[in-house]
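The values are calculated or read from the model by the stated rules, or taken from the named source; none is laboratory data. None of the values given here were measured: they were computed from a predicted structure. Reconstructed Cβ throughout: ideal geometry from the backbone, glycine too, with neighbour counts over all protein chains shown.
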Amino acid sequence: MENRITLANLADLLAKRTNVSGTESEAFLKSLFELISETLSGDEVVKIKDFGTFKLVPIQARESVDVNSGEKIEIPAHNRLSFFPATALKELVNKPFSHFESILLNEGIAFEGVEEVIEEEEGKTELTEEKPIVKREAYQEVFRSDRMASANVQKRSKIPPVWIPILGGVAIALASLFFFIQRQAGTQPATITENPSVKDSLHPFKAPVAEKTQELPERLEKVVVQKGKTLRLIAEEKFGNREFWVYIYLKNKDKIENPNVVTVGTELIIPDSSEYDIDASNTQSVAKAKVLGDDFL
């Protein structure tokens, strides 16, 4: 389900959009990444007008669970790269999904191990004075044409619409690069999960007391995916809440390559609600399904 964008992909896309050589576009992107990384390493905020803000968020040391041994371990304090998109970029990215309906969660639902992120309100949070992403001298040295010079990101200039999807890819690539560097430095062990509740949900079911054993039906219900149907919609019809889609996926993962896109005509087995303790009226059951589902997306 990963869709990584490499530096070569970004350089090719930039070259096509601006009619410059691949060497020039790659040099520009490397300069951009280096400048953003240097600024962030100095504990400063990088803000690009009409695009968004990059900043490092300190994460306190906390306890977690080793996936392999099940023992409690401590994740050391570290920094996390956060990106807050500007309104223009946010609306452009979300436009293809504008026809999707919002899902409201019941009040009081808490997800253990999932950090609550409070979105910063634009205009209320005072940030460090924004800096140009590319130094003017270095930029002119790479791009001598007037057309490329107009794309220079300055303090008071707006980014043309054609740059927004390109810089969106840059943001994703930069976040991936920063995470990779942190991982190489050993700040976050690769075998650690930050979400104990997910691990617990994957434990094998313990054999219940004989008199309380619930026998699953010999014949499980089956449905054929129709046009316009998704796992979330099917889960809402069968179980009363869309968050239970993950159990349908687990029951049929040998037939589903991407849970977000299920081929029309695919025959799916609907799991019995007792198999996964599915209960739409139980907030803990819904929360457990949501945390598990997020792990597969």
Quick one: Ser69 ticks every box in (1) touching a residue at least 24 places away in the same chain (Cβ under 8 Å); (2) surrounded by fewer than 14 Cβ atoms within 10 Å (Cβ to Cβ) except a single one, so which number is it? (1)
Out of curiosity, is Lys47 among the basic types (Lys, Arg) and either part of a loop (DSSP other than H, G, I, E, B) or over 30 Å from Arg232 (Cβ atoms) (or both)? yes
Filter segment 41-66 for residues that are exposed (fewer than 14 other Cβ atoms within 10 Å of the Cβ) and touching a residue at least 12 places away in the same chain (Cβ under 8 Å) and give the result. Asp43, Val57, Pro58, Gln60, Ala61, Arg62, Glu63
When you scan segment 29-37, do you find a residue that is touching a strand residue (DSSP E or B) at 6+ places or on another chain (Cβ under 6 Å) and either surrounded by 11 or more Cβ atoms within 10 Å (Cβ to Cβ) or assigned by TED's automatic domain parsing to the domain that holds Val262 (or both), even just one? yes
Residues in segment 249-277 that are within 26 Å of the chain's Cα centre (by Cα), β-branched (Val, Ile, Thr) and at pLDDT 90 or above total 0
Expected single match for under 30 Å from Arg232 (Cα atoms), of a type in the set (A, V, I, L, M, F, W, C), part of a strand (DSSP E or B) and not assigned by TED's automatic domain parsing to the domain that holds Val261 among Val57, Val65 is Val65
Candidate set from segment 221-248 (those that are in a loop (DSSP other than H, G, I, E, B) and loosely packed, with under 14 Cβ neighbours inside 10 Å); member that is nearest to the chain's Cα centre (by Cα): Gly228
Exactly one of Glu63, Glu24 is of a type outside the set (Gly, Ala, Ser) and over 23 Å from the mean Cα position of the chain (by Cα), and that one is Glu24
